[in-house]
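The values are calculated or read from the model by the stated rules, or taken from the named source; none is laboratory data. As the structure is a prediction and not an experimental result, all values here were calculated from the model. Here the Cβ is made from the backbone with ideal geometry for all residues, glycine too, and neighbour counts use every protein chain on show.
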Amino acid sequence: MMSFKLIYKNVGRSIKDYAIYFLTLVLGVSLFYAFNSVSSQPALNDLNYSMEIFGDALVTYIGLLTRFIAIVFAFLIIYANQFIMKRRKKEMGIYMTLGMSKWRISFIFVGETFLVGLFALIIGLGLGFLESQVISLLALKMFVGDAIGYKLLLSKVAIKETIISFSIIYIIVALFNTRNIMNIKLIDLLIANRKNQELKVYNKWVTSSLFLVAITLITSGILLLLKYGLDKNYLTGIVSLLGFGIILFYYTICGVMVFWAKRNKKLYFKELNSFLFRQLGSKMQINYLVISILSALLIASLVVLGTGVSVTSSMNKQVTTATPFDLTIVQPYDENNGLLETAKQDGIPLKENLVNYVEIMLFNTGLTYGELFKEKQVKLSDLEQELLMSQVTLITETDYNKILKLSGKEEIQLGENNFIINANYEPFNKHIHYFLNNEGKIRIGDNELTPANKKIFSNITYLTNSTRANDVGTVVVPDNMKNLMNPDSLLLNGIFPSQEIEGMVYKIMNNKWVEKSLDGNIYYVTKSVIQDTYFGVFGVIAFISSYLGIIFMIVTLSILALQQLTETQDNKEKYLTLSKIGADEKMINRLLFRQIGFYFISPLILASLLSIFTTKVVLEKLEPFFEVSIKQNMFVSFGIIFLLYAIYFIATYHSAKQVILDNRLK
Amino acid sequence: MGKVNTILKVENIEKVYGNKGNVTHALKNISFEVQKGDFIAIMGPSGSGKSTLLNCISTIDTATAGHVFIDDEDITKLKGHKLSKFRSEKLGFIFQEYNLLDTLTAFENVSLALSIINYPANEIEPEVDRVATALDIKEVLYKYPYQMSGGQQQRIAAARAIVTRPTLLLADEPTGALDSKSAKMLLENLEILNQQQDATTLMVTHDPYNASFCRRIIFLKDGQIFNELIRGNDDRRTFFHRIMEVVALLGGNINDEF
């Protein structure tokens with residue numbers, strides 16, 4: 001009973017010490033929940049066919065990322081917890097001198113951890129719920145244009161995940177604390193403040209060779225990453241190579257720096273430099289793991305930020321190029337009815353609402369894509385295997401030109417017995433290219449056609465909201481082939497006078513054609529629908545990743561700032577000694593500036609290097625989903641990072657100055 | 001002795017703590033002079049103002065009234081950068097708690113004092129070597145503070161204090177944290193530094209034994225100079241007994257621990 005009272009009172013009393021720990025926990029829980037609830041968003045669950053591959057990948061990577069985030073948070077929480085333990089060593093010592101058993105003491109500390117953890121979990125979940133709502137609301141507003149689809153959503157899965165993960169983390173922290181308390185000696189607790197820090201002395205050769213090993217690990221990690229990309233079979237290996245490399249790098253960098261600086265006497269013996277280098281060296285001996293983790297966090301934030309920003313910006317470009325018209329309708333060939341007549345019969349006021357339109361015929365000749373590409377069979381996904389079985393689409397030169405004219409493009413001219421291929425499905429393009437340059441002949445009836453151009457035309461022939469119906473290859477043939485081919489389906493591309501009318505017509509079509517469309521007897525899509533679904537989902541993902549990136553950044557910077565401030569606090573005496581032996585204010589400020597600067601910049605060194613390569617690889621992986629290439633746009637993300645960095649750095653530097661100012665000689 | 005050279009001149013120093021309702025006069029109208037090559041102890045019971053006096057001389061604290069001249073410069077008028085510069089060039093400090101920087105080796109602790117005054121980089125090593133020889137700490141120069149004994153640490157601190165050849169060496173209870181053997185060794189070292197390197201030294205202590213190493217002793221009581229002793233040609237034992245007599249006169253218990 002006494003212990004419970006003590007636990008309760010202790011938390012209240014050490015609220016200031018617990019503030020950082022508590023804040024870390026709340027932030028951690030809320031972010032963890034917010035991130036996990038993303039994957040259970042309904043928007044992601046009813047992905048259309050095209051998005052399924054992407055969705056699968058997303059779920060895989062979100063799963064991986066969740067584990068990663070959990071580990072990061074575990075580390076962060078243990079770190080914050082150690083900070084508290086350090087502050088309260090004396091208190092523990094007093095308990096022990098009063099004769100409290102170690103078990104009892106650790107019970108108290110574990111109890112405190114759980115009490116604080118419980119509060120943090122509750123508040124964190126609440127905050128996380130709000131965060132996830134804000135994200136989805138903002139995302140919907142930004143990318144879909146309205147928030148109609150917005151629903152208050154409490155993800156049970158995410159709550160469960162969060163509670164389980166954090167319970168595990170709390171247990172680890174509790175074990176950690178208990179072990180610490182069990183191993184503690186009373187004398188160390190009571191003189192905790194006076195004890196000189198023990199330094200491991202660097203061995204010059206060992207350190208230098210370990211540093212070289214670190215560089216080798218990182219370099220080979222990067223090379224493997226560039227070679228194999230995000231291939232699941234190699235990913236673990238690459239990540240471990242890079243991970244060990246990073247840790248080793250930060251473990252040895254300061255030692256190497258000290259050796260190097262010592263050789264340069266002019267530098268080493270200038271002002272407070274010897275103190276600066278030694279101080280950095282000794283602090284890195286303790287903090288290399290923290291810095292490595294921060295570096296990893298920075299990599300994650302740079303990558304998601306870079307990816308998010310790149311995807312968003314290329315999406316905006318894509319949305320205009322991918323939708324040159326407002327409407328596409330496709331129906332199987334019907335002798336009696338054209339598309340407009342079908343619409344009229346079904347009670348859809350189509351013709352009167354279109355400003356401009358083209359109606360064309362799609363043909364087939366029985367030829368499949370598989371036969372077309374038989375020369376070059378490359379490893380294909382299941383989806384692509386299926387595509388190979390389908391028939392090659394053909395259209396006439398006149399119809400093709402009609403489409404080009406409607407989209408405001410220049411028309412083409414075909415010679416007799418010539419053809420061209422229009423295609424814009426990235427994975428097939430290399431096969432088509434091979435076909436055009438090698439075999440290159442198509443038979444229609446008795447005629448053998450040859451390519452007018454070995455280049456692939458990449459115009460948009462119809463709107464599509466799925467990868468499958470993308471133009472995997474449409475053969476454009478002279479008009480006189482018309483009678484030698486089998487009519488396959490009718491296609492209509494149209495332009496509406498305004499978005500309102502487009503919406504109105506789309507609603508009517510949804511009403512009248514729902515069954516037909518489910519039976520596969522008609523396919524229709526409008527520009528806004530594409531924007532809403534296809535780009536909407538990408539947009540949300542891009543937006544969320546940018547958001548996550550920034551949050552990661554803030555977490556990283558907060559840790560750095562906290563660490564520097566507590567370090568300054570702990571080293572107050574040293575600064576006082578420096579000023580007693582005659583270092584003036586300017587010198588000490590410069591020292592502080594360099595010291596904090598080094599800490600802020602060192603995790604960024606490896607992070608920026610590695611994130612450039614990782615982002616490149618991630619974007620390459622994403623590119624097939626976008627058809628057009630994503631321009632790697634690191635400028636914006638680096639800009640954001642540097643801005644945040646500058647803000648945190650200046651704030652930290654000034655607070656640190658304040659800390660030692662109270663303690664400085666006049 | 002040739003021409004007498006006044007290094008430190010304390011003129012009517014006052015130090016007042018507190019506010020209107022509750023005023024403490026820590027120092028009342030204290031004046032004295034220190035000549036080049038002097039080895040002076042300031043003695044007094046705790047609360048007598050000896051540390052306050054040292055802090056005012058060492059520019060760590062400021063006097064409420066009066067002047068302190070070091071090398072004819074009024075240090076009560078110095079501020080900011082000039083004050084730091086003065087402190088690093090003219091003064092050397094030895095503290096009770098050594099105040100060594102634990103991330104630096106002994107060598108670096110000593111050399112730092114030279115780096116701060118922008119001493120030429122290639123002349124730093126011979127200078128450190130000079131004081132290390134004098135203080136017999138050459139064999140620990142490349143160790144870290146935690147690898148040394150208290151006495152060694154305090155001698156490193158002494159080396160740091162005198163390596164810049166300060167006009168005045170200030171020591172505040174330098175043996176406070178040392179065992180008697182290390183304390184004796186340090187004091188002998190200070191005596192040698194005073195005699196051989198001509199280091200003018202001002203030491204604050206409450207211990208008559210420590211004080212007996214000095215050439216001159218100023219006794220403080222309640223913020224005022226109570227008495228002054230000059231060793232002259234006495235040996236240490238005789239001087240020690242003379243000190244004890246004054247301590248008895250001072251009344252109260254000079255050893256604040258009891």
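Yes/no per residue for (1) within 26 Å of A:Ile588 (Cβ to Cβ); (2) loosely packed, with under 15 Cβ neighbours inside 10 Å:
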residue: B:Tyr98; (1), (2): yes, no
residue: B:Pro126; (1), (2): no, yes
residue: B:Ala134; (1), (2): no, no
residue: B:Gln154; (1), (2): yes, no
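Could you look through segment A:559-580, keep only residues that are in contact with a helix residue (DSSP H, G or I) (Cβ under 9 Å, 6 or more places away or on another chain) and β-branched (Val, Ile, Thr), and pick out the one that is nearest to the other protein chains (Cβ to nearest Cβ)? My answer is A:Thr568. Within segment A:258-270, the residues that satisfy the criterion of being surrounded by fewer than 20 Cβ atoms within 10 Å (Cβ to Cβ) and either within 8 Å of another protein chain (Cβ to nearest Cβ) or among the β-branched types (Val, Ile, Thr) (or both) are A:Lys265, A:Lys266, A:Lys270. B:Tyr17 meets all of the listed conditions (1) part of a strand (DSSP E or B); (2) buried (at least 16 other Cβ atoms within 10 Å of the Cβ); (3) of a type in the set (Ser, Thr, Tyr) but one, namely (2). Looking only at segment A:284-312, residues that are β-branched (Val, Ile, Thr) and closer than 15 Å to A:Val618 by Cβ come to 7 in all.
Residues in segment B:174-188 that are under 15 Å from the mean Cα position of the chain (by Cα) and at pLDDT 80 or above were compared, and the one that is surrounded by the fewest Cβ atoms within 10 Å (Cβ to Cβ) is B:Glu188. Of all residues in segment B:111-145, those satisfying the criterion of being touching a residue at least 24 places away in the same chain (Cβ under 8 Å), within 13 Å of chain A (Cβ to nearest Cβ) and touching a Leu at 6+ places or on another chain (Cβ under 8 Å) are B:Leu112, B:Ile116, B:Glu127, B:Val128, B:Tyr144, B:Pro145. Of all residues in segment B:133-150, those being under 24 Å from A:Asp570 (Cα atoms) and assigned to a helix (DSSP H, G or I) number 4.
Within segment A:408-526, which strands (runs of 3 or more DSSP E) (wholly inside it) include 3 or more residues that are in the same structural domain as A:Ile360 (by TED's automatic domain parsing) and closer than 30 Å to A:Glu620 by Cα?
Details: elements: A:418-422, A:442-444, A:447-451, A:474-477, A:486-495, A:523-526.
By residue number, A:418-422.
Would you call B:Ile57 facing chain A (nearest Cβ under 7 Å) and buried (at least 17 other Cβ atoms within 10 Å of the Cβ)? So B:Ile57 fails the test.
Return yes when B:Lys79 is farther than 26 Å from B:Glu14 by Cβ, without any contact (Cβ under 8 Å) to a residue 60 or more places away in the chain, surrounded by fewer than 22 Cβ atoms within 10 Å (Cβ to Cβ) and not aliphatic (A, V, I, L, M) and no when it is not. If you could, list the steps in order and put the result at the bottom.
Values: farther than 26 Å from B:Glu14 by Cβ: no; without any contact (Cβ under 8 Å) to a residue 60 or more places away in the chain: yes; surrounded by fewer than 22 Cβ atoms within 10 Å (Cβ to Cβ): yes; not aliphatic (A, V, I, L, M): yes.
Judged against the criteria, B:Lys79 is not a match.
Residues checked against (1) part of a loop (DSSP other than H, G, I, E, B); (2) at pLDDT 85 or above; (3) over 26 Å from A:Tyr79 (Cα atoms):
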| residue | (1), (2), (3) |
| --- | --- |
| A:Ile181 | no, no, no |
| A:Leu189 | no, no, no |
| A:Ala192 | yes, no, no |
| A:Lys195 | yes, no, no |
| A:Glu198 | yes, no, no |
| A:Tyr202 | yes, no, no |
| A:Phe211 | no, yes, no |
| A:Ile215 | no, yes, yes |
| A:Thr219 | no, yes, yes |
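Taken residue by residue, segment A:411-427 has at least one member that is surrounded by fewer than 16 Cβ atoms within 10 Å (Cβ to Cβ) and without any contact (Cβ under 8 Å) to a residue 24 or more places away in the chain.
Scanning segment B:61-87 for residues that are in contact with a helix residue (DSSP H, G or I) (Cβ under 6 Å, 6 or more places away or on another chain) and farther than 27 Å from A:Glu271 by Cβ, we see that the one that is farthest from the other protein chains (Cβ to nearest Cβ) is B:His67. Based on this model, can you work out whether A:Met51 counts as at pLDDT 75 or above and surrounded by 15 or more Cβ atoms within 10 Å (Cβ to Cβ)? So A:Met51 fails the test.
Please find, among B:Ala158, B:Ala171, the residue that is assigned to a helix (DSSP H, G or I), crowded, with 22+ Cβ neighbours inside 10 Å and under 19 Å from the mean Cα position of the chain (by Cα).
Numbers: B:Ala171 fails: assigned to a helix (DSSP H, G or I).
Exactly one residue qualifies, and that residue is B:Ala158.
Among the residues making up segment B:99-135, a single one is over 19 Å from A:Leu272 (Cα atoms) and of a type in the set (Ser, Thr, Tyr): B:Thr133.
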